[in-house]
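The values are calculated or read from the model by the stated rules, or taken from the named source; none is laboratory data. Just so you know, these numbers come straight off a predicted model, no measurement behind them. Positions of Cβ are generated from backbone atoms using ideal geometry, with glycine treated the same way; all protein chains shown enter the neighbour counts. For the accessible areas, the whole protein counts, side chains as well, though only heavy atoms, and no ligand, DNA or RNA atoms are used. Shrake-Rupley method; radii C 1.70, N 1.55, O 1.52, S 1.80 Å.
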Amino acid sequence: MAYMALYRAWRPQGFSEVVGQEQTVTAIRNAVRTGRLAHAYLFSGPRGTGKTSIAKIISKAANCEDLRDGEPCNQCSSCQDINNGNFMDVIEIDAASNRGIDEIRDLREKVRILPAQGKCKVYIIDEVHMLTNEAFNALLKTLEEPPDSVIFILATTESNKIPATIRSRCQNYQFRLLTLPEITQRLREVAAVNEMNIEESALQLIARRAQGGLRDALGTLDQVYSYKGPDITKQDVLEALGLVDDVFIAELLDKVLANDTTGLLSLLAAAIAQGKEPEQLVREMVQYLRDLMFYITLGHTVELTVATNDTLSLLEKQRSLVNIDKLLKALRLMTDSGQKLRFSESQRLTLEITFLELAALFAAPAAVTDEKTQKSTVPTPPPPAQNKARSQAPDPLWAKILAGVREVKVPTHALLSQGRLLGIKEDTAYIGYRKGYKFHKERMEEKANREILEGVLKELSGRTIEVQFIFLDDDQYNDIIVKKAIELFGPDIVEIKD
Ligand SMILES: Nc1ncnc2c1ncn2[C@@H]1O[C@H](COP(=O)(O)OP(=O)(O)OP(=O)(O)O)[C@@H](O)[C@H]1O
Ligand SMILES: [Mg+2]
Ligand SMILES: [Zn+2]
């Protein structure tokens, strides 16, 4: 037997099987009960929310030989033929196709022909917003003088494109997105009937990703089911859809909020090593930040799209670490970066910079007022154990340099801030990084970043100073003297240590 896709197998056969859309269902079912179906309906609403399904139920109800309390019986030959698509008087027209337009043109004569098989002809016109003006006019003429035994059901996802003249001749029903509980419940039912064994977080993930469309939800379940069989884990869903685990994204944001750039970059490296696409990581982070925003403002999980129960504890922690203002800036930064990534030649670098910028954004003081506050919040790395005594006090020259660099380019600042100024000797400034900060050191050595730093040094000292980046743990540079720095910058901004 041919396998029938779940979303088709689970097309509601009667009004009572429709999920949600209560007002529409109640009104139409009452009209069937009292024999007062309208001549024309306009169903507008998002994809996969039941428009075609209800149109089919109406077709059956209008032709059923054994109506039961406003429900088609699904047993009589009319109902069965309609269910199998073999009923001559139910005519489906896809307005988006060329043939559809021809069919509308022919409509005016054809509607006059009496039903061939049943009691009532039903025209279901899908994607009706796609009709040309000419076709709309033809349709309008038909709607103006509808024969008795004909029902038109127009369906569209873009009701704003339907001319008012057409709209005013139809009974209008607005379909809504289905809620998360509605979708989860239906998925649970489908899984049970098909004897699937599906993890709760897998179910949630599918439902959230469907964003209110039941067809998509069932389609996803189907996809995972056919690839994995009846035992389905969250991991299976992630793989089938090529998604990134929300827990991973949540942990990534943890590093961002801690301004732990090393941890952040190594997580990104791991994701890329696993074959995750930079664009996808950014996209998922956008969704996650959006979830966080909804979680902060609404305080419940109903609106979340990527975060599942697995990330609730992290979300809960993160909500206290951010404010809406920063979150909005972060969302803007990430959506812009998504665009940039598409055209980037080095996607990985763009990705890394994006996340470093994100960390810098959250680490920056909420409102920078004067230089003093700016200086005190410049992140300085914890000193290596053996040099503790030497670098406890914040270095005002270093703070000046960092502030200057930050003004030119935030990502460069993020790279530089993980190092520290060791000293200046013979027109060369030495910047030290701890061993674990190899990435930062190497990025700073690149021409673009180096030039920014040299530009700032020149501005501060009035002369050309080269920079050299070294690892702090190498003892060979210990004789670098601070004296030269005093010469260059003057004693008031150079602090002598030791
Ligand atoms: N409200 C609903 N109740 C039950 N099942 C639904 C509902 N909405 C969608 N479905 C499921 O999704 C499938 C597709 O739904 P349907 O064709 O009615 O969507 P639609 O609104 O016409 O979408 P489109 O705008 O893409 O044509 C159905 O076969 C059914 O499995
Ligand atoms: Mg449809
Ligand atoms: Zn019937």
- All conditions in (1) more than 16 Å from ligand 2 (Cβ to nearest atom); (2) closer than 25 Å to W10 by Cα; (3) not aliphatic (A, V, I, L, M) are true of D126 except (1)
- Query: Which one of K51, K60 is among the basic types (K, R) and within 13 Å of ligand 1 (Cβ to nearest atom)?
  - Reply: K51
- Query: K121 fails exactly one of the following numbered conditions: (1) under 37 Å from the mean Cα position of the chain (by Cα); (2) without any contact (Cβ under 8 Å) to a residue 40 or more places away in the chain. What is the number of that condition?
  - Reply: (1)
- Is it true that G85 is free of Cβ contacts under 8 Å to residues at least 24 places away in the same chain, surrounded by fewer than 14 Cβ atoms within 10 Å (Cβ to Cβ), more than 16 Å from ligand 2 (Cβ to nearest atom) and small (G, A, S)? no
- Identify the residue in region 171-183 that is at pLDDT 95 or above and more than 13 Å from ligand 1 (Cβ to nearest atom) and, among all such residues, is surrounded by the most Cβ atoms within 10 Å (Cβ to Cβ). Q171
- Out of region 279-310, which residues are of a type in the set (A, V, I, L, M), under 16 Å from the mean Cα position of the chain (by Cα) and open to solvent by 10 Å² or more (accessible area, probe 1.4 Å)? V286, M293, V302
- Could you figure out which of (1) modelled with pLDDT of 95 or more; (2) more than 22 Å from R186 (Cβ to Cβ); (3) within 16 Å of ligand 1 (Cβ to nearest atom) isn't true of F43? (2)
- Can you tell me which residues in region 88-100 are open to solvent by 70 Å² or more (accessible area, probe 1.4 Å) and more than 13 Å from ligand 1 (Cβ to nearest atom)? M88, N98, R99
- Single match in K119, K51 (criterion: open to solvent by less than 70 Å² (accessible area, probe 1.4 Å) and of a type in the set (K, R)): K51
- What are the residues in region 54-67 that are open to solvent by 20 Å² or more (accessible area, probe 1.4 Å) and under 19 Å from E22 (Cα atoms), if any? K56
- Query: Taking K276 and the conditions (1) part of a helix (DSSP H, G or I); (2) in the same structural domain as D310 (by TED's automatic domain parsing); (3) among the charged types (D, E, K, R); (4) buried (at least 18 other Cβ atoms within 10 Å of the Cβ), which numbered condition does it fall short on, given that it satisfies the others?
  - Reply: (1)
- Residues within region 137-166 that are farther than 15 Å from E103 by Cβ and basic (K, R), tallied: 1
- Could you list, in sequence order, the residues of region 243-273 that are out of contact with any helix residue (DSSP H, G or I) (no Cβ under 8 Å at 6 or more places or on another chain) and either assigned to a helix (DSSP H, G or I) or at positive phi (or both)? S266, A269, A270, A273
- Sole exception among (1) open to solvent by 70 Å² or more (accessible area, probe 1.4 Å); (2) within 15 Å of ligand 1 (Cβ to nearest atom); (3) not polar (S, T, N, Q) for L114, by number: (2)
- Task: Taking the residues in region 357-378 that are at pLDDT 65 or above and out of contact with any Lys or Arg (no Cβ under 9 Å at 6 or more places or on another chain) as candidates, determine which candidate is least open to solvent (accessible area, probe 1.4 Å).
- Result: L358
